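Have a look at the structure below, then the notes.
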Amino acid sequence: MTPIIDLRDIYKIYYMGDSEVRAADGVSLKIYEGEFVAIVGQSGSGKSTLMNIIGCLDVPTSGEYYLNGEDVSELKDDEQAHIRNKTLGFIFQQYNLIAKLNVLENVELSLLYAGISKSKRSAMAKEALERVGLSDKLKNFPNQLSGGQQQRVSIARALAGNPSIILADEPTGALDSKTSREVLDFLKKLNQEGNTIVLITHDNSIAAEAKRVVRIMDGKIIFDGDAGKAFEAR
């Protein structure tokens, strides 16, 4: 089976004065279609750098990255943007909803950037909002929604373009425990429906909800395996 995400000996090196910072230090990682993987590590571990490279938001200093079999390690900005729109859906901690747009318009916006026609955008956005249980909130504005509902709008936005991979960056970080549980359950449901989920978190209890855990420290992978075994070992 060909991996959907294939990182090969990835380095990302920054220089701060005379100091060299290896945010990714020889990372090799394969993720397959339909997996639910948590990438976990503390602040400064390199997990955000890894997410940015996986999400085509940054390019490595060296190494190869194959996304759906295509080498994307040295793409230009506009080429990266095209890949993001076609392949990846993003869920962020802070929702990133636009206050002046209603729920439907917020979800449609990602499809506008992908160059999809207005009539098709509306239909795709409504379908995504129905999937997350918000078909009755289309005309509401973000400030009229609870935190959990706003996060579900951001999930709908991620789903609208039918991406093959969903990248969730600390998706429960701004939510209370009950609402966090609901969001995690929904991510599990999406995974059961066939979506590949990559969850970025610093929280072991959140990472334990995934099927597979990749633990990062000092830019290196120090564990990659079953979630249960990841936390038994600590």
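The values are calculated or read from the model by the stated rules, or taken from the named source; none is laboratory data. These numbers come from a predicted model, not from an experiment. For neighbour counting, all protein chains shown are included, and Cβ atoms are generated from backbone atoms with ideal geometry for every residue, glycine included. Ligands, DNA and RNA are stripped out before the accessible areas are found, and what is left, the full protein with its side chains, is counted by its heavy atoms. Shrake-Rupley method; radii C 1.70, N 1.55, O 1.52, S 1.80 Å.
Quick notes
- Note on the range 119-142: residues that are in a helix (DSSP H, G or I), closer than 18 Å to residue 100 by Cβ and aliphatic (A, V, I, L, M) amount to 1.
- Of residues in the range 129-147 being in contact (Cβ under 8 Å) with a residue 40 or more places away in the chain and more than 22 Å from the chain's Cα centre (by Cα), the one most open to solvent (accessible area, probe 1.4 Å): 143
Residue by residue, here is whether (1) basic (Lys, Arg); (2) open to solvent by 20 Å² or more (accessible area, probe 1.4 Å); (3) at pLDDT 95 or above holds:
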site	(1), (2), (3)
5	no, no, yes
14	no, yes, no
26	no, yes, yes
43	no, yes, no
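- Of all the listed residues (69, 89), the sole one being surrounded by 14 or more Cβ atoms within 10 Å (Cβ to Cβ) and either modelled with pLDDT of 90 or more or more than 30 Å from residue 148 (Cβ to Cβ) (or both) is 89.
- Whichever residue in the range 72-86 is part of a helix (DSSP H, G or I) and not hydrophobic (A, V, I, L, M, F, W, C) and, among such residues, is least open to solvent (accessible area, probe 1.4 Å): 80
- For residue 153, the criteria (1) within 14 Å of the chain's Cα centre (by Cα); (2) part of a helix (DSSP H, G or I); (3) in contact (Cβ under 8 Å) with a residue 40 or more places away in the chain hold in every case but one, which is (1).
- Selection of the range 74-128 for residues being of a type in the set (Lys, Arg) and touching a residue at least 60 places away in the same chain (Cβ under 8 Å) yields only 86.
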